[in-house]
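Down below is the structure, laid out as structure tokens.
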Amino acid sequence: MPALATLDVGRVFREEYGRAVAGLVRHFGDIDVAEAAVQDEFAVAVQRWPSSGVPPSPAGWIITTARNRAVDRLRREASRDDRHAQAALLHAQSEPVEEGPVRDDRLRLIFTCCHPALSVSAQVALTLRLLGGLTTAEIAHAFLVLEPTMAQRLVRAKGKIRGARIPFRVPHEADLPSRLRAVLAVVYLIFNEGYTATSGARLVREGLCFEATRLGRLLTELMPDEPEVMGLLALMLLVESRRAARTTADGGLVLLADQDRGVWDRALIAEGQAIVRDCLRRNQPGPYQIQAAINAVHSDARSAEATDWRQILRLYDQLAAFTPTPIVALNRAVAVAEVQGSEAALAIVDGLQLDDYCLFHAIRADLLRRLARTNEAGLAYDAAIAYAENAAERLFLERSRESLRRIDA
């Protein structure tokens, strides 16, 4: 199979999976039917597109053929007195599907999955699977749990949605706040997976970044008076503004301190900073607003040396009060290193239980390197490399590890 065709199918899958599943959930009223139909058609595409070529509207092709194939299958199963198939077929016949992009389908799917009948972790995991097209392994990585554990959560969540007959729609205004926490978490994790892919050859999945930002804008239209909605949008805009500087021409990772700030997107920075200022005026702080403020401080600095690390550390102190998690503590330690020194930061890092987390070992390795504890730094880099599944991250860590060997030589 030609490599280009394989890459094309993979690109379409990453960019359009969520849209296709969301459209078919609306059409059939059933998540399992929609997901199975979309997956089947992508499998067909892998076989067909190398010879026939990628269609002009690949997502439309997937949606149309998946819908038709699913209807045929449901008719066969309904004739055998399968009530589940009969219900899905009846729903499909009662509501025509739109072929073009439907602005709110993916937002409806988020709110369907983020129903309070499900646990928050199940809400987020299921939406990442259906909307973001993330694999079970990628979602397990985001939650720091084993893949079989996550697979069981996803099966249970889908079963609960079907059993409770949870409707596929944006809830009434009064019900929005109860689902907001999970919805924001979903959008944020989709963005994170796009900004630093869990695995694969490339560091960035631009389609997921775009989709998360698009959803963030839709949420601000839907809930303009929610400061955390605005804070999440500002956070994504400010982080996204640096994307062009995060990689070299050959896809290599560039750390924040080494980035060419001249290629940062100043329009996105201006928009994000304006939202942060608006949030400050509202004086209703929350985790996403604080993270946005941290990134606003970074975007203010014209050079790495000019970064106001004391202000960043104060903001991390606030963030830790809202979300006292090991991940926040790990990121706070980076700011501590700049303000109080590497010894103080290492003491924080060594007190965290994040042994299965690549970034934990990478930060620890860098702190040990700064302290000239090269043997220990080398072991920490080895641990980070062992947990790195993204090729760009792994290559960066391997080069950092090799630089230590040159120091020892």
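The values are calculated or read from the model by the stated rules, or taken from the named source; none is laboratory data. From a predicted model like this one, the values you see are computed outputs, not experimental measurements. Neighbour counts run over all protein chains shown; Cβ positions are idealised from the backbone, glycine included. Heavy atoms of the whole protein, side chains included, go into the accessibility calculation; ligands, DNA and RNA do not. Shrake-Rupley method; radii C 1.70, N 1.55, O 1.52, S 1.80 Å.
Equivalent ellipsoid of region 219-316: semi-axes from √(5λ) of the C-alpha gyration tensor, largest first, are 25, 16, 10 Å. Each 10 Å bin from zero up to the one holding the largest Cα-Cα distance in region 234-275 carries the following percent of pairs: 33, 49, 17, 1.
When each of the peptides 315-321, 204-210, 186-192 is scored by the mean number of other C-beta atoms lying within 10 Å of its residues, the order from highest to lowest reads 186-192, 204-210, 315-321. Shape descriptor for the chain: Rg over Rh equals 0.99 (Cα atoms; Rh from the Kirkwood inverse mean 1/r). Shown is the FRET efficiency for R75 and L222, computed with R0 = 51 Å from the Cβ-Cβ distance and rounded to the nearest 0.05: 0.90. Largest GNM mean-square fluctuation among I166, I275, I110, using the chain with Cα springs under 10 Å: I166.
Multiplying the residue separation of T196 and E173 by 0.36 nm and subtracting their alpha-carbon distance yields 4.9 nm. Here F143 and S52 are evaluated by their C-beta separation; at R0 = 56 Å the FRET efficiency comes out at 0.90. Heavy-atom accessible surface of region 237-355, averaged per residue, reaches 49 Å², computed with a 1.4 Å probe. Of the listed residues T213, T247, the order by accessible area with a 1.4 Å probe, largest first, is T247, T213. Here region 252-406 is treated as a sphere whose radius is the Kirkwood value from Cα pairs; by Stokes-Einstein at 20 °C and 1.002 mPa s it diffuses with a coefficient of 127 µm²/s.
Placing +1 on the Cβ of every Lys and Arg and -1 on the Cβ of every Asp and Glu, with nothing else charged, gives region 323-409 a dipole about its Cα centre of roughly 240 debye. For E16, the solvent-accessible surface with a 1.4 Å probe is about 40 Å², rounded to the nearest 10.
Normalised radius of gyration (Cα atoms, divided by 2.2 N^0.38 Å) for region 104-174: 1.08.
Residues M230, M150, ordered by accessible area of protein heavy atoms at a 1.4 angstrom probe radius and largest first, appear as M230, M150. For region 179-236, the solvent-accessible area works out to 32 Å² per residue, with a probe of 1.4 Å and every protein chain left in place. R108 contributes about 60 Å² of solvent-accessible surface, heavy atoms of the protein only, 1.4 Å probe.
In a reduced charge model with +1 at each Lys and Arg Cβ and -1 at each Asp and Glu Cβ, region 287-359 shows a dipole moment near 260 debye about its Cα centre.
Placing +1 on the Cβ of every Lys and Arg and -1 on the Cβ of every Asp and Glu, with nothing else charged, gives the chain a dipole about its Cα centre of roughly 460 debye. Residues whose amide H falls under 5 Å from that of T247, counting only those 5 or more places apart or on a different chain, are V254, with hydrogens built in the peptide plane.
Peptides 256-265, 25-34 ranked from most to least packed give 25-34, 256-265, packing being the mean of other C-beta atoms within 10 angstrom over each peptide's residues. Distance between the modelled labels on D40 and D317, one decimal in nanometres: 6.0 nm (7 Å Cα→Cβ projection).
Across the accessible surface of region 244-395, with the other protein chains kept in place and a 1.4 Å probe, carbon and sulfur atoms take up 51 percent. Sketch the reach of a paramagnetic label on V254 as a point 7 Å from Cα along Cα-to-Cβ, and name the residues of region 291-312 whose backbone nitrogen lies under 18 Å away. Within reach of a label on V254: 298-307. Computed over protein heavy atoms with a 1.4 angstrom probe, the accessible surface ordering of Y357, Y195, Y17, Y387, largest first, is Y387, Y357, Y195, Y17.
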